[in-house]
Amino acid sequence: MPDAAAAGTWKLGDREVNRLGFGAMRLTGNGVMGNSDGAPIDRDVAIGLLPRAVELGVNHIDTASFYFGPLRSANELINRALAPYDDQVVVVTKVGPGRGPSGDWTARATPEQLRGQVEENLRQLGGDHLDVVNLRRGLEPSIAEHFGALADLRDAGLIRHLGISHVTPEHLAEAQAIAPVVCVQNFYSLDCRRADENGLLDSCGEQGIAFVRYYAISGLQREAAAATAHDDAVLAVARAHDATPAQVRLAWTLQRGPHVLAIPGTRNPQHLEENIAAAALRLSEDELARLAG
């Protein structure tokens with residue numbers, strides 16, 4: 001049986017998690033971040049999928065209060081499926097983007113409005129504090145004021161640990177000067193390796209910060225469903241290991257460094273098991289070079 005623990009562990013502050021986690025965005029369907037992602041999953045299937053992920057070793061769940069469609073809310077599904085949370089399950093959420101009840105995107109939260117977003121996540125997820133809250137950056141050049149507001153909420157006991165998302169090395173330095181950052185969540189894949197080019201991935205490793213990549217499987221497809229077409233290198237490595245291209249992409253991610261985490265999401269129970277099986281897939285140095293080339 002596949003086990004997420006096969007990829008090893010990393011710490012988010014004082015919480016140790018398996019490096020292969022689960023992203024809840026796709027559970028809502030209907031292109032929560034702007035692209036079509038199909039009809040919403042059956043609620044009972046979604047509620048069964050989350051405990052199955054935990055049974056297979058996933059103890060890092062990524063979500064946000066703005067992950068919702070007309071019929072499904074990621075936070076509501078997580079609460080219904082997993083609460084009361086075992087101490088071994090770390091739920092990571094994010095704040096910053098604004099979204100109204102109808103689903104329309106609104107102005108980004110001001111620093112003063114972040115408390116309301118944190119409290120909304122608490123209401124939806126349950127509990128008296130949030131394990132980890134990522135500040136999702138928009139287009140603002142500085143995150144100091146927003147991150148400082150979250151640091152105040154951490155000091156008040158609403159948040160246990162802080163992270164940042166969609167950032168540059170300069171933003172990381174800015175945040176670290178205010179409060180400890182336990183994770184950086186950025187787009188990073190075989191198709192987009194900006195974190196290599198600007199040194200962010202290595203900088204996180206040097207500072208003991210988790211680098212959590214999203215769109216690990218979909219790559220440039222981003223929020224849309226993962227592409228069915230793959231380049232020759234991915235297909236060749238997949239054939240050599242009797243694996244799927246998605247598993248190869250995940251394995252490549254996890255071998256980028258011991259501090260690199262992946263949070264692939266899916267609405268398909270079979271794909272969930274395939275994704276978690278990638279935790280045990282080891283690629284050779286030649287294969288890694290071929291994929292990166």
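With +1 on each Lys and Arg Cβ and -1 on each Asp and Glu Cβ, and nothing else charged, work out how big the dipole of the chain is about its Cα centre, in Debye to the nearest 20.
With only Lys, Arg, Asp and Glu charged at Cβ, the dipole is about 380 debye.
With θ set to phi - 60° and the Karplus curve 6.51 cos²θ - 1.76 cosθ + 1.60, what are the ³J(HN,Hα) couplings of the range 271-285 in order, to the nearest whole Hz, using x for Gly and Pro?
5, 4, 5, 5, 4, 5, 5, 5, 4, 9, 7, 10, 9, 6, 4
Sort out for me the Cα centre separation of the range 72-111 from the range 121-197, rounded to whole Å.
Cα centroid to Cα centroid, the span is 15 Å.
Compute log10 of I(q)/I(0) for the chain with the Debye formula, placing one identical point scatterer on every Cα and leaving out solvent, at q = 0.06, 0.15 Å⁻¹, to two decimals.
-0.17, -1.18
Show me the ranking of peptides 105-117, 47-59 by mean Cβ neighbours inside 10 Å, starting with the highest.
Highest-to-lowest ranking by the protection proxy: 47-59, 105-117.
Each residue of the range 176-182 in order: what ³J(HN,Hα) in whole Hz does its phi give by Karplus 6.51 cos²θ - 1.76 cosθ + 1.60, θ = phi - 60°, with x for Gly and Pro?
4, 6, 9, 7, x, 9, 9
Using amide H atoms built in the peptide plane, which far-off residues or other-chain residues are under 5 Å from G265 H to H?
Those lying under 5 Å, H to H, from G265 are G23.
Give, to the nearest whole percent, the P(r) tail of the range 24-152 beyond 21 angstrom, counting all Cα pairs.
Counting every Cα pair in the range 24-152, those more than 21 Å apart make up 41 percent.
Projected onto the charge dipole of the range 114-181 (+1 at Lys/Arg Cβ, -1 at Asp/Glu Cβ, origin at the Cα centre), which of H129, I178, L114 gives the Cα projection farthest towards the positive end?
Positive-end residue among those listed: H129.
Enumerate the amide H contacts of L130 below 5 Å, restricted to partners 5 or more residues apart or on another chain; note that Pro and chain-start residues carry no placed amide H.
Amide H neighbours of L130, under 5 Å, 5+ apart: I159, R160.
Which angle from 0 to 90°, rounded to the nearest 10, does the C-alpha axis of helix 114-125 make with the longest principal axis of the chain?
60 degrees
Using only Cα positions of the range 117-186, each an equal point scatterer, no hydration layer, compute I(q)/I(0) via Debye at q = 0.12, 0.20, 0.25 Å⁻¹ and quote the log10 values to two decimals.
-0.28, -0.76, -1.12
All of the numbers you see were taken from the coordinates with simple rules; none came from a lab. Worth saying up front: this structure is predicted, and the values here are computed from it rather than measured. Cβ atoms come from the backbone with ideal geometry, glycine included; neighbour counts cover every protein chain shown.
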